[in-house]
Every structure is written in C-alpha cells, then in structure tokens.
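The structure appears below as structure tokens.
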Amino acid sequence: MRHQRLAIVVMLAACGSALAQVDPPPTWGQNDGVSLSVGYAFPTDAFPPTPDFSVSWSGWGGDQWEKSDTIAYMPTLSTHVGAWGLTENNTSKNITGVLSVRLANGILLPEKGVWYQFDVFWGNDSNYWMTPTTERGFQIENEWIDAPWDLGWGWWRITGTFTIKPQPPWEQFDFNFVTAPGGGPVAIDNFYVHTHCVPTPTTVALFSLAALGIARRRR
C-alpha cells in the first residue's frame, strides 16, 4: 500500500486553517495558461463534487468522479465538515470501497508536473491507499510522498508529487478504502490538485510563432 499509517509522529508547525496547503508549488494559483489549481472541500453531499478553483483557465478539461456503492458522505467526521469514505463497519466481514476522480487535460505538452494534497481520517482497523493512473502509453515518473502531517483527532495530511511524460489526455486518482469488522471510519477531505505543464524550447518557439501570426492577422 502506498500510504499506510506511520508509527512516527511528524512534528510540524500548527496549520492556521484546515484548508491551507503545505508548501504549495511556486505556480499555485497562477493563470499562465499552463498551470491549474483546483480543490475539493466537500461541503455538501453533492456528487460529483463541485470543484473550488483557485484559478481557472480555458485549458481545464473537466473532471469525472466515480464511487463504489459502499462509499458514503459524512457531514461531520471528528473535527472536519464533509468527507467521503467508509463509515464504521458494523458487519462481520471486511468492507472495501473506491472513490476516484479523472481530470481531463486541454492543451497537450511534453511534460506535466502534478502536486496533490488531501486529508485522510483513519479509524480503528481501517486503512487506505491512493494510486495515480493515466492513459496507456504515458509514463508516471518521479513519485514522491512526504511524511504524513498529524493534524490531530484522527486526521492526517498527505502531500505528494509526480510527473507524466508526455502530458496525457487525463490523470486519475483512485482512493481505496478498507475496514475490518468493528473498524472505521476511513475517509478523505480537502483534496487539492495542482498541475504545471512544461513545454520544451521547441514548443515555446512554436507558440511564439503562432502568437506572432495571430497578431499579424489582426493588424
């Protein structure tokens, strides 16, 4: 499992807001045509969730959410308002569930950097793992996951990065949950994604020539 409960408690400075990002990327919130910042705070049980854009541009291709029948919305969970996952397991067998979101891409460029963050709640005898996937023929590389930040009251903050070469038509985040009998709940909240496309010098030159051509036509 990619992310598992750690015995080591990470000592970091207290966060001023439950929605604040930990070390956001330098281009967070920039409307530069190649960067996109989007978040999901799950304030209501609306499904698919409504994105909370920090910045939106014409390259946003939209999102597609899916969930298994076992995934439920929790209006409150510990200190958080709104979360999706598995509730307490009152059965005699393990319960599993999957919550996933596919983010579509607009302009395709040679490389994409992806930064993500979310809060996860672990109840007793429960676990989760998150797996990023993408279209076949596109390679996910340089995966890095920071040590979980203990937010207290059962909540942890996960931050990670990866790159995709070249930028694919879409990238998907699959959240897998499991609870043992008598265990749970386990859920996520405050899911943020930031992507930044990296054009090659040749691509930059082509874009510059295209812009110059448009300017000449307007004249």
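The values are calculated or read from the model by the stated rules, or taken from the named source; none is laboratory data. Owing to the predicted nature of the structure, the values given are computational and were not obtained by experimental measurement. Note that each Cβ is placed from the backbone with ideal geometry, even for glycine, and that neighbours are counted across all protein chains shown.
Of all positions in the stretch 65-73, at least one carries a residue that is touching a residue at least 24 places away in the same chain (Cβ under 8 Å), polar (S, T, N, Q) and out of contact with any Asp or Glu (no Cβ under 8 Å at 6 or more places or on another chain). Within the stretch 194-211, is even one residue among the hydrophobic types (A, V, I, L, M, F, W, C) and either modelled with pLDDT of 50 or more or at positive phi (or both)? Yes, the conditions are met somewhere in the stretch 194-211. Only one entry in Gly113, Gly137 is of a type outside the set (A, V, I, L, M), surrounded by fewer than 21 Cβ atoms within 10 Å (Cβ to Cβ) and touching a Ser or Thr at 6+ places or on another chain (Cβ under 7 Å), namely Gly113.
Only one of Lys67, Lys93 is exposed (fewer than 12 other Cβ atoms within 10 Å of the Cβ), modelled with pLDDT of 90 or more, among the basic types (Lys, Arg) and within 20 Å of Thr179 (Cβ to Cβ). Can you tell me which? Let's see the steps before the verdict.
On the way: Lys67 fails: exposed (fewer than 12 other Cβ atoms within 10 Å of the Cβ).
After ruling out the rest, the residue left standing is Lys93.
Residue-level analysis places Thr50 among those that are touching a Pro at 6+ places or on another chain (Cβ under 9 Å) and at pLDDT below 95. Note on the stretch 132-181: enclosed strands (runs of 3 or more DSSP E) holding 3 or more residues that are free of Cβ contacts under 8 Å to residues at least 60 places away in the same chain are 139-145, 155-165.
Only residues that are among the small types (Gly, Ala, Ser) and part of a loop (DSSP other than H, G, I, E, B) were counted in the stretch 31-89, giving 10.
Before we move on, is Pro51 closer than 15 Å to Ala104 by Cα and free of Cβ contacts under 8 Å to residues at least 24 places away in the same chain?
Values: closer than 15 Å to Ala104 by Cα: yes; free of Cβ contacts under 8 Å to residues at least 24 places away in the same chain: yes.
In short, yes.
Among (1) loosely packed, with under 15 Cβ neighbours inside 10 Å; (2) at pLDDT below 90, where does Pro24 come up short? (1) is the only condition that Pro24 fails. Checked against (1) touching a strand residue (DSSP E or B) at 6+ places or on another chain (Cβ under 9 Å); (2) modelled with pLDDT under 90; (3) not β-branched (Val, Ile, Thr), Trp170 passes all but a single condition, namely (2).
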